Structures are given as C-alpha cells and as structure tokens.
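Asker: Following this message is one structure expressed as structure tokens.
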Amino acid sequence: MPEVTLDEVRHVAELARMALSDEELERVRRELNRIMDYFAELQQLDTEGIGDTSHAIPMTDVYRQDEIGDSLPAAKIVQNAPDSIENFFRVPTFMEEE
Amino acid sequence: MAFRPMVGLEVHAQLLTASKMFCSCPVKFGSEPNSNCCPVCTGMPGSLPVPNRKAVEFVIRTGLALDCKVSDYCRFYRKNYFYPDLAKNFQISQYDEPLTYEGRIDLAVNGEPFSIRVRRTHLEEDTGKNIHLSDGRSLVEYNRCGVPLMEVVTEPDFTSADQVREYLVQLRRLLRYLGVSTANMDEGAMRCEPTVNLVDEAAGQATPIVEVKNLASFKAVHDAVSYEIDRQHWCLENDAEMQQETRRWNETEAKTTVMRIKESADDYMYFPEPDLVPLTPEREWVEEIAESVPELPLARERRFVEEYGLPQYDAEVLTEDKQVADYFEAVAATCGDAKSASNWVMGDFTHLLHESGQTPDTCKLQPENLGKLIKLINETTISSKIAKDIFPTLFEQGTTPRQLIEEQGLAQISDEDELGAIVDAAIEANPKAVADYQSGKEKALGAMVGYVMKETRGQANPGLVNQILREKLSE
C-alpha cells in the first residue's frame with residue numbers, strides 16, 4: 001500500500017476547506033496511513049470477478065410516482081437555522097460561483 | 001491560420017413534473033420562501049431521497065429522441081461542493097453512468113448540413129436560490145432545490161456560433177414536442193453553458209478550454225460564443241497568455257470576463273449516492289417510452305414540405321408547436337387545401353389564439369370547422385371577405401360555419417339573374433364610371449363592383465359580378 005504523502009493531505013484538506021497547521025498535517029498523515037493499513041488487510045481478500053460495489057443490499061429501481069405530497073410549513077424549515085429572516089435562511093455572503 | 005473553433009454545449013432543462021426529483025414537494029414557482037420544502041430537499045439528517053419515475057422517463061424519452069442508447073445500469077452520484085445553494089453540501093447528480101448516451105442530431109444552417117454528437121443525457125437536482133444583500137449577508141431559499149433537472153451534453157462538434165444557436169432552437173422545440181420541459185430560457189427553465197476553444201488538428205495544438213456562463217438568451221449564447229472564438233484567435237495572433245478558466249458573459253458590454261480559474265479545488269469528489277439504489281430501466285418500459293416519442297419536429301417539417309407542398313417557411317412556423325402542427329393537419333384533412341389551411345392557421349387563427357391567451361387544444365373552434373369554412377370559400381358558397389368577417393365569431397362560439405352562415409344569411413349570391421338585376425342598377429347609378437370604362441379605363445369597373453357588393457352586403461360572388469358587368473357593358 002503506497003504511503004499517504006503530505007501533499008495529498010494538503011489537497012484533501014483544501015477540498016474539505018480545513019485549515020491545518022504543519023503539525024496537524026503531519027498528525028493527520030500518520031492517522032490516515034494507519035487507516036490505510038486496514039485497507040491493505042482488505043486487499044488480501046480474493047475479489048476476482050466481483051464488480052465495484054456501492055450498495056450492500058442487492059436492490060435496484062426503487063421509484064416514487066410523480067405525486068405531490070405535503071411540504072413542511074416554512075417556519076419549521078428554518079427553525080433550526082442559526083439565523084433567518086422572513087422564512088429565508090440568512091448566511092454570511094458568499095462568492096457567486098456556479 | 002489552421003486553428004478552427006471547437007465548441008461543446010451543456011444544456012440544463014427543468015423537467016415538467018408535478019413533484020420534485022427526490023421528494024413529493026410541489027414544483028411551483030413564485031411561492032413564499034421555503035414553503036415548498038421538506039426534510040429531503042433541505043437535506044435534514046436522516047431523510048431519504050426516492051427518485052421520481054416520471055423524471056427518469058422524461059430523460060429517457062429525450063435521450064431516445066436524440067438517438068441515444070439507454071443505459072441498462074446506472075447510478076446517482078454525490079457531487080460535493082461548498083456552496084449554500086444546496087443544503088446538503090452536495091448535489092445528487094450522475095457521473096460516469098448517465099441514463100442515456102452516444103446520440104446525435106442532424107441539423108443545417110443556411111442549407112449547410114452539420115451533425116452534432118450527443119454525449120449524454122442525465123438527471124440531477126436543481127439548486128436553491130440566493131439573494132445577496134449589501135450588508136455582507138445572503139438570503140437562501142430552497143423552493144427550487146430538488147426540482148428535476150436534465151442535462152444534455154454534446155461533444156465539442158460545433159464549429160460556429162450560428163450552429164450553436166440552431167441547435168438550441170431545435171433542442172428547445174424538441175423538448176416542447178416531447179412535453180418534458182417548457183424550455184423557456186428567460187424563466188431559467190433552460191440554461192446553457194458552452195465550452196469554447198480553438199484547435200489545429202494537423203499541428204496537434206489547441207487553446208485552453210474556456211467555459212462561458214451567465215447566458216440568459218439564445219442571442220447571448222450566440223454572441224458570447226462568437227466573441228470567445230474571436231478573443232482566442234486574437235490571443236493566438238498576439239501571443240497573449242490563455243488559461244483554462246470560466247468566463248462570464250457581460251451582456252451590456254458584449255464581452256466575456258474572467259470569473260474564476262480552474263484549479264484543484266474543482267475536484268468534486270464524486271462518489272455513488274449510498275441512499276439511492278441503482279437504476280436498471282427494464283426493456284419493456286424503455287420500449288413503451290420509445291412509442292410515446294411523437295414524430296419529431298424536424299422530420300415533421302420535412303414531411304409538411306413533401307406531403308403538403310408547403311413552402312419551407314410555413315412548414316417551419318407550423319411545426320414550432322406540436323399542438324399547432326396537429327391542428328393544421330386536422331384542418332388540411334377536412335378541407336383538402338393545405339396552403340389555405342396553412343394561411344388560416346398561421347394568420348387569423350394564431351392571431352386570435354394569442355389575443356385570447358388560448359392554445360389550439362383549449363380553444364372552442366374545432367379544426368374540422370375551420371376546414372369546413374375553407375371548403376365553403378373554395379366552393380364559392382361564401383366569399384373570403386365574409387369568411388374573414390365571421391371568423392372571430394366562429395372562433396369564439398365554436399359553431400359550424402354553415403350554421404353561422406345560415407343564421408346570418410351570409411351565403412354568397414351566385415344566382416346570375418339575381419346578380420344581373422343588381423348589376424343593371426349599378427350601371428344605371430354610375431354613368432361616369434360606365435363612360436370611363438368604355439373609353440378604356442379598366443379601373444372604372446371597380447366603382448360598379450363596389451356598388452354591387454354594397455347592395456348585397458358583400459355576399460355577391462365577386463368573380464361572377466365582374467363577368468356579368470363586362471358582358472353587359474360590352475353589349
């Protein structure tokens with residue numbers, strides 16, 4: 001199993017929007033490598049002829065019909081939000097990207 | 001220069017379902033903020049999405065109409081990103097297993113045929129809406145969040161802005177024909193993002209791919225693609241630096257500006273959505289959907305020219321809307337005169353439809369009755385002038401034209417004796433016109449025809465009046 005490098009940790013931290021100090025980066029790298037050891041163990045299993053598996057249950061094609069049901073009252077939708085106004089969520093402004 | 005444009009297109013279309021993609025909240029616009037929401041579309045912990053079968057059907061139907069293959073196994077994926085227009089921090093989308101793939105559409109611009117390969121059609125969920133305030137805060141609401149969104153992606157086969165526009169026009173017509181989307185760009189029901197770069201195949205060189213956003217109309221797409229092609233040519237000629245980036249179209253200044261540079265943070269960490277099981281559209285279902293695909297607008301347009309002998313323009317206008325095309329065919333079948341049917345449907349009929357805000361399916365006038373009206377004109381039972389006069393009443397009441405003509409006593413007078421007597425009176429009353437006519441002024445006849453028409457409230461057969469007048473005046 002190849003070692004997780006510091007650059008990889010930095011990349012993943014960036015994707016997760018986490019600011020890590022040099023010590024934290026190194027600690028996370030060691031911890032990730034310990035986790036990778038478990039995968040190394042799993043890799044010893046014979047998986048010949050088994051496709052990639054994303055679901056543990058052998059089930060496909062679960063649908064709902066196109067029917068309208070009840071929504072929640074808007075006040076309930078925003079009730080757990082740290083900040084809201086007139087049933088809008090209110091958040092610190094963010095860059096319009098997509 | 002051997003560089004040529006290479007343009008690809010991603011089109012998003014909101015699907016015309018009653019409920020959202022993964023929950024039963026209504027697809028409804030203009031509601032109070034967050035009033036069409038539930039734990040699923042606002043990403044509350046523990047909620048479970050369940051796909052809307054109709055949305056899947058719509059995407060397969062569109063794929064089939066674009067000559068795509070239908071996957072027999074595909075999954076939803078999570079597209080992870082940090083942006084509050086989705087409450088979950090990911091969008092449920094599809095990744096390398098789209099519902100349909102490898103299609104094509106054959107089109108033409110100014111008689112020049114071209115083919116566009118369709119890479120895929122897939123399904124995802126729409127995002128919520130943001131309002132940015134000037135006080136450093138933003139408002140977010142999720143009524144639109146979870147509305148089924150279809151993405152149609154082409155290969156980069158377009159070589160000009162004109163081709164891109166033609167494709168969009170035809171795709172919009174197709175989506176409307178299929179009944180899967182309103183495809184209205186100004187309402188955001190259809191959105192479009194082109195990718196543009198230049199390639200020199202012989203030299204194996206290409207400029208970096210630029211994606212253009214903020215395009216709210218076909219004209220904006222056309223102008224932005226055209227601008228971007230010119231800009232990249234300019235950069236090449238002037239050795240200016242280019243990079244892979246997203247650019248925003250600025251409508252007022254008619255140019256694109258850098259929005260953001262592609263970087264490693266664009267890694268969306270796609271992985272299979274564990275809350276949704278795979279889809280394996282069964283063969284019978286796909287066949288059923290294939291049968292529900294109507295004759296497609298381009299094929300119908302060609303048939304209208306060949307079968308009915310209509311001018312290309314008429315065929316294009318009539319097939320723009322499926323209901324109008326269906327209506328026209330029913331009118332033509334009743335009267336057996338396709339060109340007149342086309343004139344009436346494109347003219348007076350469409351005019352009154354728009355004025356009254358109706359559609360061919362909801363208006364009272366049955367196509368058979370418009371067909372009969374045209375027949376009555378062609379059989380000279382009524383004049384076309386009278387037909388035009390009574391048309392608004394027919395349209396409003398939906399009665400048969402014969403009934404209306406009888407009620408109002410409007411049948412054309414084609415009785416030679418009866419007309420002869422009125423013509424005599426016309427000659428008597430217009431001595432000057434008679435003299436003018438006899439001294440060679442052909443136009444003078446008009447005054448006497450007018451007299452007869454007035455006397456008969458427009459019901460005299462004009463051809464016959466002319467004929468009788470000439471006979472009597474040459475006696």
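Asker: Using the Karplus curve 6.51 cos²θ - 1.76 cosθ + 1.60 with θ = phi - 60°, work out ³J(HN,Hα) for each residue of segment B:31-41 in order, rounded to whole Hz, and write x for Gly and Pro.
Answerer: 7, 4, x, 6, 8, 10, 10, 8, x, 5, 7
Asker: With each label point set 7 Å from Cα along the Cα-Cβ vector, what nm distance links residue B:205 and residue B:169?
Answerer: About 3.5 nm separates the two model spin labels.
Asker: Give the lysines whose C-alpha is closer than 28 Å to that of residue B:213, dropping any in the same chain fewer than 8 places away, or say none.
Answerer: Filter leaves B:20, B:28, B:79, B:88, B:129, B:255, B:262.
Asker: Output the 0 to 90 degree angle, nearest 10, between the alpha-carbon long axis of helix B:384-397 and the longest principal axis computed from the alpha carbons of chain B.
Answerer: That helix lies at roughly 50 degrees to the long axis.
Asker: Let me ask you something else. ³J(HN,Hα) across segment B:97-111 via Karplus (A = 6.51, B = -1.76, C = 1.60, θ = phi - 60°), whole Hz, x for Gly/Pro?
Answerer: 10, x, 5, 9, 7, 6, x, 7, 9, 9, 9, 8, 10, 6, x
Asker: For segment B:363-409, which GluC sites (Glu not before Pro) are in a loop by DSSP, counting at most 16 other Cβ atoms within 10 Å?
Answerer: Listed in order of number, the matching sites are B:379.
Asker: Under 5 Å between amide H atoms, partner at least 5 residues away or on a different chain: which partners does residue B:52 have, H built in plane at 1.01 Å?
Answerer: The list, which skips near neighbours in sequence, is A:64.
Asker: In debye to the nearest 20, how big a dipole does the protein assembly as shown give about its Cα centre with +1 on each Lys and Arg Cβ and -1 on each Asp and Glu Cβ?
Answerer: Using only the charged Cβ atoms, the result is roughly 1300 debye.
Asker: Can I ask one more? Using only Cα atoms and rounding to the nearest 10 degrees, what angle (0 to 90) does helix B:161-178 make with the longest principal axis of chain B?
Answerer: Between the helix axis and the principal axis of chain B, the angle is about 80 degrees.
Asker: Taking R0 as 45 Å, what's the FRET efficiency between residue B:320 and residue A:18 from their Cβ-Cβ distance, rounded to 0.05?
Answerer: 0.25
Asker: Give the separation of the Cα centroids, segment B:218-238 to segment B:291-342, in Å.
Answerer: So the separation of the two Cα centres works out to 37 Å.
Asker: A further question follows. Give the aspartates and glutamates reachable from residue A:76 as a straight Cα distance under 15 Å; neighbours fewer than 8 places away on the same chain don't count.
Answerer: Partners found: A:86, B:32, B:141.
Asker: For segment B:356-475, compute Rh as the Kirkwood radius over C-alpha pairs and then the Stokes-Einstein diffusion coefficient at 37 °C and 0.692 mPa s; write the answer in µm²/s, rounded to an integer.
Answerer: 208
Asker: Would you kindly derive the ³J(HN,Hα) couplings of segment B:149-158 from the backbone phi angles with the Karplus curve 6.51 cos²θ - 1.76 cosθ + 1.60 (θ = phi - 60°), listing them in order in whole Hz, with x for Gly and Pro?
Answerer: Working through the residues one at a time gives 10, 9, 10, 10, 10, 9, 6, x, 9, 6 Hz.
Asker: When the Cα centres of segment B:421-447 and segment B:3-72 are compared, how far apart do they sit, in Å?
Answerer: 72
Asker: So for the pair residue B:302, residue B:368, with labels modelled 7 Å out along Cα→Cβ, what separation do we get in nm?
Answerer: Modelled inter-label distance: 3.3 nm.
Asker: A follow-up question, please. Show me the trypsin sites (Lys or Arg not before Pro) within segment A:1-65 that DSSP assigns to loop and that have at most 10 other Cβ atoms within 10 Å of their Cβ.
Answerer: Loop-located and lightly packed - A:17.
Asker: Here is a follow-up. May I ask you to order B:316-326, B:281-291, B:420-430 by the average number of other C-beta atoms within 10 Å around their residues, highest value first? All intermediate terms of the calculation are to be shown ahead of the outcome.
Answerer: Numbers: B:316-326: 19.1, B:281-291: 13.7, B:420-430: 16.5.
Most protected by this proxy first, the peptides run B:316-326, B:420-430, B:281-291.
Asker: Once Lys and Arg get +1 and Asp and Glu get -1 on their Cβ, which of B:111, B:434, B:164 lies farthest toward the positive end of the dipole of chain B?
Answerer: So the residue furthest toward the plus end is B:164.
Asker: For segment B:357-420, which trypsin sites (Lys or Arg not before Pro) pass both filters: DSSP loop (anything but H, G, I, E, B) and at most 14 other C-beta atoms within 10 Å?
Answerer: Values: sites: B:364, B:372, B:375, B:385, B:388, B:402; in loops: B:364.
Here the trypsin sites (Lys or Arg not before Pro) that fit, given the DSSP loop and packing criteria, are B:364.
Asker: Okay, moving on. Please compute, for peptide B:34-44, the average count of beta-carbon atoms on other protein chains lying within 10 Å of each residue's beta-carbon.
Answerer: The per-residue average across the peptide is 5.
Asker: A further question on this structure: Please state the charge dipole magnitude for segment B:295-408, taken about the Cα centre, from unit charges on C-beta atoms (+1 on K and R, -1 on D and E), reported in debye and rounded to the nearest 20.
Answerer: In debye, rounded to 20, segment B:295-408 gives about 220.
Asker: Moving on. Suppose R0 equals 30 Å. What FRET efficiency, 1/(1 + (r/R0)^6) with r the Cβ-Cβ distance, do residue B:262 and residue B:313 give to the nearest 0.05?
Answerer: 0.10
Asker: Need one value for A:71-82: mean number of C-beta atoms belonging to other chains within 10 Å of its residues' C-beta atoms.
Answerer: Values: counts 16, 9, 3, 10, 2, 4, 13, 7, 0, 2, 4, 0.
Across the residues of A:71-82, the mean count of other-chain Cβ atoms within 10 Å is 6.
Asker: Sort A:36, B:259 so the one with the fewest other Cβ atoms within 10 Å of its own Cβ comes first.
Answerer: Ordered from fewest to most neighbouring Cβ atoms within 10 Å, A:36, B:259 come out as A:36, B:259.
Asker: First check a/c for chain B, with a ≥ b ≥ c the square roots of the eigenvalues of its C-alpha gyration tensor; if it is under 1.5, answer rounded, and if not, answer prolate when a/b is larger than b/c or oblate otherwise.
Answerer: Note, shape of chain B comes out prolate.
Asker: So how much slack lies between residue B:250 and residue B:104, counting 0.36 nm per residue of separation and subtracting their Cα-Cα distance, in nm?
Answerer: Difference between extended and current length: 49.4 nm.
Asker: What's the average, rounded to a whole number, of partner chain beta-carbon atoms within 10 Å of each residue's beta-carbon in B:130-138?
Answerer: Per-residue shielding by partner chains comes out at 4.
Asker: At R0 = 45 Å, how high is the FRET efficiency between residue B:333 and residue B:429 if r is their beta carbon distance? Nearest 0.05 is fine. If you can, show how the numbers build up before the last one.
Answerer: Details: r = 46 Å, r/R0 = 1.02.
Efficiency, rounded to the nearest 0.05: 0.45.
Asker: What is the angle, in °, between the Cα long axis of helix B:367-378 and the longest principal axis of the Cα atoms in chain B? Nearest 10 is fine, range 0 to 90.
Answerer: 30
Asker: Rounded, prolate or oblate: which one fits the protein assembly as shown, using the alpha carbon gyration tensor with axes a ≥ b ≥ c (rounded when a/c is under 1.5, else prolate when a/b beats b/c, else oblate)? Write out the running numbers ahead of the final one.
Answerer: Numbers: a/c = 2.74, a/b = 2.31, b/c = 1.19.
Verdict is prolate for the protein assembly as shown.
Asker: Follow-up question, since we're still on this one. Taking a ≥ b ≥ c as the square roots of the Cα gyration tensor eigenvalues, with a/c under 1.5 meaning rounded and otherwise prolate when a/b beats b/c, else oblate, which class fits segment B:134-291?
Answerer: Taking the square roots of the gyration eigenvalues as a ≥ b ≥ c, segment B:134-291 is prolate.
Asker: Ok, one more. Nothing charged except the Cβ atoms of Lys and Arg (+1) and of Asp and Glu (-1): what's the magnitude of the dipole of segment B:129-210 about its Cα centre? Round to the nearest 20 debye.
Answerer: 480
The numbers here are math on the coordinates, done by the rules we state, and not lab data. Here the structure is a predicted model, which is why all the values come from computation and not from measurement. Note: ideal-geometry Cβ built from the backbone for every residue, glycine included; neighbour counts use all protein chains shown.
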